[in-house]
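Participant: First the structure, which I've put down as structure tokens, then a few questions once you've had a look.
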Amino acid sequence: MNIIEIKIDSDFIKLDSLLKYANLVGSGGEAKVLIQDGYVLVNGEIERRRGRKIHQGDQVDFQGQIIKVL
């Protein structure tokens, strides 16, 4: 399991944008499909909305990669 810490300067970042920013997907389209197919967890629960707002303190789990938003 790998932990990636991402610092955001705004109030939130959208889930699909976070996956792209962390270099875990190659495109927004790829992120959309993976999110809708249930491969992404936010704070331990499956999240299927690619526009889900991710805030500081949230944790995203994707294929063994943990993204902690700071």
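Here, each number is a calculation from the coordinates, and none is a lab measurement. Keep in mind that this is a model prediction, so the values were computed, not measured. Heads up, the Cβs are rebuilt from the backbone with ideal geometry, glycines too, and the neighbour counts pull from every protein chain shown.
Participant: Along the charge dipole of the chain, which of ALA31, ILE66, GLN56 sits closest to the positive end, that is, farthest toward it, with unit charges on the beta carbon of Lys, Arg, Asp and Glu (+1, +1, -1, -1)?
Facilitator: ALA31
Participant: Along the principal axes of its C-alpha atoms, what lengths does the chain span, in descending order and rounded to whole Å?
Facilitator: Projected onto the principal axes, the Cα atoms of the chain cover 27, 25, 22 Å.
Participant: Residues with beta-carbon under 9 Å from that of GLN36, excluding GLN36: net charge, scoring Lys, Arg +1 and Asp, Glu -1?
Facilitator: +3
Participant: Quick one: of the DSSP bridges fully inside the chain, what percent are antiparallel, nearest 5?
Facilitator: Expressed as a percentage, antiparallel bridges in the chain total about 70.
Participant: So what are the radius of gyration and Dmax for the Cα set of the stretch 1-40, in Å?
Facilitator: Cα-based Rg and Dmax for the stretch 1-40 come out at 10.6, 29 Å.
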